[in-house]
Amino acid sequence: MRILILGPQGSGKGTQAKRLAASHGIAHVSTGDILRAAVAEGTELGRRVAPILERGDLVPDELMIDLIRERLEHEDGFVLDGFPRTLAQAEALDSMLASIGKPLDVVLLLQVSDEVSSERLLGRALEEGRSDDTPEVIANRLRLYHELTQPVIARYREAGALIEIDGERSIDEVEAEIERALAGTRER
Ligand code: AMP
């Protein structure tokens, strides 16, 4: 199964992606996790992207596309989290998956309001001390989400591929709704 999960920061998509990966025995491919690991390891990629992550800006498309191509080529089943964030990334993803004969089975969108998204992120900042969870950086990331990632959502919605899930409920309720939605797509 190949799943794409979309949603703003704080929508719980990382948490749900981890659960989906575990329950379906597929890989959790999170670009945020991959980049943070590169920063922590001090690799060349990490040194390059560290200041970008620190500001909450987006890493250049070409770099992200190369990174994800390498990663997805080796996976049959995956839940993709954090990519695509721009239309250029979405187009590259669709054509790369088509060319390796592994199209997405389902695209999920976790919907939460800006207020809930910001509140959850500020809470996480206090708990985890992530350096990209300061109020200014959170606002920047939300702005970029509306500007650059909303068009990606519109693209999948227009293609009729999007399943929208209310992300403002508890983690378990959201998970149950996702599993029901996935069961529904298998029956179609
Ligand atoms: P995340 O954990 O998904 O919120 O990602 C953390 C940070 O990594 C983001 O704020 C961006 O700086 C960077 N990042 C992750 N995924 C992407 C992507 N697809 N395109 C550009 N930058 C990304």
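So if I check each of Asp76, Asp81, which one is within 12 Å of the ligand (Cβ to nearest atom) and among the acidic types (Asp, Glu)?
Sole residue among the options that is within 12 Å of the ligand (Cβ to nearest atom) and among the acidic types (Asp, Glu): Asp81.
Output the residues belonging to the range 54-87 that are modelled with pLDDT of 95 or more, of a type in the set (A, V, I, L, M), under 15 Å from the mean Cα position of the chain (by Cα) and in a helix (DSSP H, G or I).
Met64, Ile65, Leu67, Ile68, Leu87
Among Gly25, Gly7, which is the only one that is within 12 Å of Leu108 (Cα to Cα) and not aromatic (Phe, Trp, Tyr)?
Just one listed residue meets the conditions, Gly7.
If you scan the range 122-138, which residues turn out to be open to solvent by 30 Å² or more (accessible area, probe 1.4 Å), modelled with pLDDT under 85 and among the charged types (D, E, K, R)?
Arg124, Glu127, Glu128, Arg130
Results for (1) out of contact with any Pro (no Cβ under 9 Å at 6 or more places or on another chain); (2) among the hydrophobic types (A, V, I, L, M, F, W, C); (3) free of Cβ contacts under 8 Å to residues at least 24 places away in the same chain; (4) within 12 Å of the ligand (Cβ to nearest atom), shown as yes or no for each residue.
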| site | (1), (2), (3), (4) |
| --- | --- |
| Val39 | yes, yes, yes, yes |
| Leu45 | yes, yes, yes, yes |
| Arg55 | yes, no, no, yes |
| Leu58 | yes, yes, no, yes |
| Met64 | no, yes, no, yes |
| Ile68 | no, yes, no, yes |
| Leu72 | yes, yes, no, no |
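Mind listing whichever residues of the range 167-188 are open to solvent by 60 Å² or more (accessible area, probe 1.4 Å) and either within 16 Å of the ligand (Cβ to nearest atom) or closer than 26 Å to Ser118 by Cβ (or both)?
Glu168, Arg169, Ile171, Asp172, Glu173
Open to solvent by 70 Å² or more (accessible area, probe 1.4 Å), more than 15 Å from the ligand (Cβ to nearest atom), among the acidic types (Asp, Glu) and within 21 Å of Ile3 (Cβ to Cβ): which single residue out of Glu119, Glu164 fits that description?
Criteria check complete, one pass: Glu164.
Can you tell me which residue is surrounded by the fewest Cβ atoms within 10 Å (Cβ to Cβ) among those in the range 22-36 that are touching a residue at least 24 places away in the same chain (Cβ under 8 Å) and away from the ligand (no atom under 15 Å from the Cβ)?
Gly25
Out of the residues in the range 95-109 that are open to solvent by less than 50 Å² (accessible area, probe 1.4 Å) and outside any loop (DSSP other than H, G, I, E, B), state the one that is farthest from the ligand (Cβ to nearest atom).
The residue in question is Val106.
Filter the range 50-63 down to the residues that are touching a helix residue (DSSP H, G or I) at 6+ places or on another chain (Cβ under 8 Å) and under 17 Å from Gln9 (Cβ atoms), then identify the one that is most open to solvent (accessible area, probe 1.4 Å).
Arg55
Those residues that are outside any helix (DSSP H, G or I) and open to solvent by less than 50 Å² (accessible area, probe 1.4 Å), I need them from the range 139-161; list them, please.
Ala161
The values are calculated or read from the model by the stated rules, or taken from the named source; none is laboratory data. Here the structure is a predicted model, which means the values were calculated and not measured. Methodologically, a virtual Cβ is constructed for each residue, glycine included, from the backbone with ideal geometry; neighbour enumeration extends over all protein chains shown. For the accessible areas, the whole protein counts, side chains as well, though only heavy atoms, and no ligand, DNA or RNA atoms are used. Shrake-Rupley method; radii C 1.70, N 1.55, O 1.52, S 1.80 Å.
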